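Structure first, commentary second.
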Amino acid sequence: MKIKNLILTLILAIFYPFSLLQKVKKNKITFISLESSSLTRDFKIINKALIKADKYDLTYHLFDYTPGLKNQVIYIIKCIQQLFAINQSHLVLLDFNNFVVSKFKRKHGVTVLQLWHATGAIKKFGNSVPRDYKIKNYDYTIVNSEFFVDDFSKAFNIKKENVKITGIPETDKLFNHQRINNNSNYLKEKYPQLSNKIVVTYAPTFRGRFGTGFQELDIDLDFIQQTLGDDYIIIYKPHPLIVHSKYEHNKNIIYMPHESIKKVFAVTSMLVSDYSAIVYDYMVSEKRIIAFVPDLDDYAKTPGILFDYEKEFPGVITKTNQELVDAIRFIDPDRDKQIKLYDRVFKYKDGKSTDRVVKLIQDIMVGEL
């Protein structure tokens, strides 16, 4: 990856002086993503709010990055386009780490706001883990509570005072009870086999990294479903970065790659996850959470975990398929531990985080920050 990054840096360096010849447009906001070719999650929510405000020139540079020679070439082209877009924009919004921003100083008058693609983090990320390039040149980021300020400051190389506690726009959906009911009705109509079942949703994070590819964790969902019996049904919600799964056509489970996790939560009786930040989101429901982490010892070393996982995870920790079955069937949750972490993770429980983020953007655009 270092050689690829060097080549990309040299190519971008050719175009960089020309990008500086542009004028910064005072009302221009640019969305840049490497996770999706369309607006999703916080980007989608914020874009809708900014369109409604009808004050800004909104532009989009969205790319679904996957390994492969063809995509590497496309990625280079996209980075060149980003270079010019960044130096035209008063505000640049990111939802993932960005090579162009980190490698090339932008023009005076350009501000970068990182809208990280999760409610928080359990695993180490950004500059807190070994990287091919150092993340820098970000101005602001948002978090859900004081609990995340130090870690996000280190990860993005941002001053602590520029880590803004606004809440995360996506979490507004978790406090909208009418939306939850609608989502539940929608999924039960689409998947009638969910009716009258104890729904266990398995939603892990990915293993691997950009450049080398992503893999799913080895788990025997067939064994788990058969052992649990007919009273239970398993939904497998893979991480968006998992392109091919061995469970994609498995008839014993409901494979749901395309439904949003917030919709899936609406029908979920208990969540099985690992180091994914969706654990924080699911705590809002006050339902059971179980960890399936056969690789905990290794994962705690690389990439690392941001807190004492075995003491603070808000549910039972399992490492084998049989332990997971037993936890699902027999072990009651530790409600005190779950409530304690929930209160630390969520400063706001009012469903108005979108309003606070839009206010932050407006303040940046008029120079009040």
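Here each label is just a point 7 Å from Cα along the line to Cβ, and for residue 136 and residue 186 those points are 4.4 nm apart.
Let me make sure I get this right: for the stretch 241-369, a, b and c are the square roots of the gyration tensor eigenvalues over alpha carbons, sorted descending. Under 1.5 in a/c it's rounded, otherwise prolate if a/b > b/c, else oblate. Which is it? It comes out prolate by the Cα gyration axes.
Using 0.36 nm per residue and subtracting the Cα-Cα separation, the extra length available between residue 215 and residue 105 on full extension is 36.2 nm.
Bridgeable aspartates and glutamates around residue 197 (alpha carbons under 13 Å apart, same-chain partners fewer than 8 residues away excluded): 230, 231. With each label modelled as a point 7 angstrom along the Cα→C-beta vector, the residue 165-residue 69 pair spans 5.2 nm. For residue 31, the residues whose modelled amide H falls within less than 5 Å of its own, excluding neighbours fewer than 5 places apart on the same chain, are 59, 60, 61, 93. A straight Cα-to-Cα reach below 16 Å connects residue 136 with the lysines 103, 105, 107, 154, 159, 160, residues fewer than 8 places away in its own chain not being considered.
For Cα extents along the principal axes in Å, the value calculated from this model appears in [x] 67, 44, 34; [y] 78, 70, 43; [z] 66, 43, 39 under label [z].
Cross-link check: pairs 262/352; 55/347; 262/301; 78/246; 48/262 evaluated at a Cα-Cα cut-off of 22 Å; pairs beyond the cut-off: 55/347; 262/301; 78/246. Here each label is just a point 7 Å from Cα along the line to Cβ, and for residue 334 and residue 25 those points are 5.3 nm apart. The angle separating the long axis of helix 353-365 from the principal Cα axis of greatest extent in the chain is about 10 degrees.
Highest mean packing first, where packing is the average number of other Cβ atoms within 10 Å per residue, the peptides 164-170, 15-21 line up as 164-170, 15-21.
Take the Cβ atoms of residue 227 and residue 260, set R0 to 30 Å, and the FRET efficiency comes out at 0.55. Centre-to-centre, using Cα atoms only, the stretch 75-107 and the stretch 311-369 are separated by 31 Å. Over the C-alpha trace of the stretch 1-158, radius of gyration and Dmax come out as 15.4, 44 angstrom.
Most tightly packed first, judged by the mean number of other beta-carbon atoms within 10 Å of their residues, the peptides 123-132, 39-48 read 39-48, 123-132. Each stretch of four or more DSSP H residues adds -39500 (n - 2.57); spread over every residue of the chain, this sum gives -10500 deg cm²/dmol at 222 nm. With just the Cα atoms defining each centre, how far is the stretch 133-181 from the stretch 11-25? Give it in Å. About 30 Å separates the Cα centre of the stretch 133-181 from the one of the stretch 11-25.
Our estimate of slack between residue 53 and residue 146, defined as 0.36 nm per intervening residue step minus the Cα-Cα distance, is 30.6 nm. Counting only aspartates and glutamates at least 8 places from residue 28 when in the same chain, those with an alpha carbon closer than 19 Å to its own are 42, 54, 57, 95, 139, 363, 368.
Extension gain for residue 196 to residue 245 (0.36 nm times residue separation, less C-alpha to C-alpha distance): 14.9 nm.
Laboratory data are not the source of any read-out in this text; all were calculated from the coordinates shown. Keep in mind it's a predicted model, so treat the numbers as computed, not measured. Positions of Cβ are backbone-derived with ideal geometry, glycine not excepted, and every protein chain shown enters the neighbour counts.
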